[in-house]
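The values are calculated or read from the model by the stated rules, or taken from the named source; none is laboratory data. These numbers were taken from a predicted model, which means no experiment stands behind them. When we count neighbours, we look across all protein chains shown, and the Cβ atoms used for this are built from the backbone with ideal geometry, even at glycine.
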Amino acid sequence: MNDRKKLLVALGIVSILVLTFIVILLTDPPNEVGVDVTHDNTNEYIVDSDAVKNVKNEVDQLLQEIIEKGPLASSNPYDYIKDSEAFARLAALGNPALIYMFENFSEGNENGLKQYIMASACAKIMGINDEEKGIGINNGREWFYKYYSVVMKDAELHIVDADYELFKETQGKPKLILPASTNPKNMEDVIANSILSINRRSYRMGEKAIEAHKIYSTEEKDGIINVYMLVSFRWFGFENNAFTNISGGGGEPARMQLRKTSNGEYEVLEYKQAMDGGMWAESIRDMFPHTLAEIVLNGDELTSQELWEMQMVKGQEYLAEIDREGTPVTPYENKNREDKGARKAINLVTMLRQEFPDWDGTREILVNAGGKPPGMKIRCLLETECLSVGEGEYSITLTKNWDITINGIQPLSYWKYKVTGESVELIEEQDNDDLIRIIK
């Protein structure tokens, strides 16, 4: 009997160990190529920088092997990767190889066979490669420009806005969700935060989203409150030392439908803005009572100006919060783009690094870095400097100046390019962004 009990106990222990091992495998599967790769919940490509460095040599060797063993007589670049074992191994390296190849694209604007192979491998890693047709075009450079913002925008540095924490739980949901700070019993607060939540992802992001609205009238029928208003939503950010309108629009006619619940809270049922183009006038007449529709259709410039002034005041309040009082708040920042040659040279370079200004000047971004959740925001000054160094030849320097000191060092990164005609060449670089990435 004792032996039987011992056997049963032993079997029980073995069973527990086996189940534990299975759970570990299921909950923490190993990476295919043994590197640290993570995805966040917005499908951005986030990869440990050391993992990218580790695959560099292997990627370069595989690219060379694909080209050398390819069908030299063929003019179709797809023939080089079709049924290529080296290409399969390249794609199997995963996200670290993806990021390294995008960085490789950023070092110049060559557009040959190597760039086509890299684009194809990147597409396969991303799961968007057609096994029969490849990337669908013979131009790897064009493919890179198309997908740069998808892969590289937040690949290593998470660019955010001033209210990122406030609104991060409200985005990408099938139903409108207002930030937790909203007072649901205050109709003005519900309206303002609804406008911000709905419009934040509709325009190019700046540092601070600012809304203003004027209610023309409200009417209630069968428990439904119709609010007729003129709305202005704008993203503001720092460009050339001014706090300026980055994107968005002003004077948009909108109707919001609300319902007041039994506990006195306002629930948003619908938010509708006037349609663009040829449907604009008709959509306003459908949304608004006749008298109000005619006021808006005739151009309510006085109210539009009033909304802009409200946004200027809110902008100045934000500047006071971040100790930047005195910075001008402007509807548009004039950029020097008179030299067509310089403008073309800057565009060729900033297509490779799209976070930088596409003019000779500066802009600022906020980056969410490490530390205890929700982390910390670090300001970075991005500068594009263009110098003419000869007939049709320019020197373009892109600089990142980080507003933080780490171990007594203020990180500074730069990339210096030489542009001659259509040719772009990276001639010098200093990348200290790793100091930002390692913040804990």
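Before we move on, is Phe167 modelled with pLDDT of 85 or more and in the same structural domain as Arg234 (by TED's automatic domain parsing)? Criteria met by Phe167.
Collect the residues in segment 332-362 that are more than 18 Å from Met205 (Cβ to Cβ) and in contact (Cβ under 8 Å) with a residue 60 or more places away in the chain, keeping them in residue-number order.
Step one: filter segment 332-362 for residues more than 18 Å from Met205 (Cβ to Cβ), giving 334-349, 351-352, 359-361.
Correct list: Lys335, Ala345, Leu348, Val349, Met351, Leu352, Gly361.
In the set Glu85, Glu103, only one residue is surrounded by fewer than 21 Cβ atoms within 10 Å (Cβ to Cβ) and either of a type in the set (S, T, N, Q) or at pLDDT below 90 (or both); that residue is Glu103.
So that you can scan it fast, the table gives a plain yes or no per residue for (1) within 29 Å of the chain's Cα centre (by Cα); (2) within 21 Å of Asn193 (Cβ to Cβ):
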| residue | (1), (2) |
| --- | --- |
| Lys214 | no, yes |
| Val227 | no, yes |
| Phe238 | yes, no |
| Gly249 | yes, yes |
| Asn263 | no, yes |
| Lys272 | yes, yes |
| Ile295 | no, no |
| Glu301 | no, no |
| Ser304 | no, no |
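Being under 14 Å from the mean Cα position of the chain (by Cα) and not aromatic (Phe, Trp, Tyr) is true of Asp161. Taking every residue in segment 193-221 that is under 22 Å from Ala293 (Cβ atoms) and pairing it with any residue that is of a type in the set (D, E, K, R) and not in a helix (DSSP H, G or I), at least 6 positions away or on another chain, the pairs with Cβ-Cβ distances below 7 Å are Ile195/Glu211.
One line per residue, one yes/no per condition, for (1) in contact with a helix residue (DSSP H, G or I) (Cβ under 7 Å, 6 or more places away or on another chain); (2) closer than 20 Å to Asp286 by Cβ:
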position: Arg204; (1), (2): no, no
position: Ile215; (1), (2): no, yes
position: Ser232; (1), (2): yes, no
position: Gly237; (1), (2): no, no
position: Met256; (1), (2): yes, yes
position: Thr261; (1), (2): no, no
position: Gly264; (1), (2): no, no
position: Ala274; (1), (2): yes, yes
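Just give me the residues in segment 404-438 being in a strand (DSSP E or B), in contact (Cβ under 8 Å) with a residue 12 or more places away in the chain, farther than 26 Å from Arg324 by Cα and of a type outside the set (Gly, Ala, Ser), in sequence order. Correct list: Trp415, Lys416, Tyr417, Lys418, Val419, Thr420, Val424, Glu425, Leu426, Glu428, Glu429, Gln430.
Going by the conditions given, is Glu142 more than 29 Å from Glu364 (Cβ to Cβ), within 27 Å of the chain's Cα centre (by Cα) and either surrounded by fewer than 20 Cβ atoms within 10 Å (Cβ to Cβ) or polar (S, T, N, Q) (or both)? Criteria met by Glu142.
Exactly one residue out of Leu352, Leu381, Leu398 is under 20 Å from Ser247 (Cα atoms) and not assigned by TED's automatic domain parsing to the domain that holds Glu306, and it is Leu381. For segment 326-333, the criterion of a residue being of a type outside the set (Gly, Ala, Ser), in a strand (DSSP E or B) and either at pLDDT 95 or above or more than 26 Å from the chain's Cα centre (by Cα) (or both) is satisfied by at least one position. With respect to being at pLDDT below 95 and touching a helix residue (DSSP H, G or I) at 6+ places or on another chain (Cβ under 6 Å), Met279 falls outside the description.
Given the criterion farther than 15 Å from Tyr116 by Cα and either of a type in the set (Asp, Glu) or modelled with pLDDT under 90 (or both), identify the matching residue among Ala73, Ala92.
Within the list Ala73, Ala92, the selection yields Ala73.
Say whether the condition of being exposed (fewer than 15 other Cβ atoms within 10 Å of the Cβ) and at pLDDT 95 or above is met by at least one residue in segment 346-361. Within segment 346-361, none of the residues are exposed (fewer than 15 other Cβ atoms within 10 Å of the Cβ) and at pLDDT 95 or above. Of the set (1) surrounded by fewer than 17 Cβ atoms within 10 Å (Cβ to Cβ); (2) modelled with pLDDT under 75; (3) in a helix (DSSP H, G or I); (4) within 32 Å of the chain's Cα centre (by Cα), all apply to Asn57 but (2).
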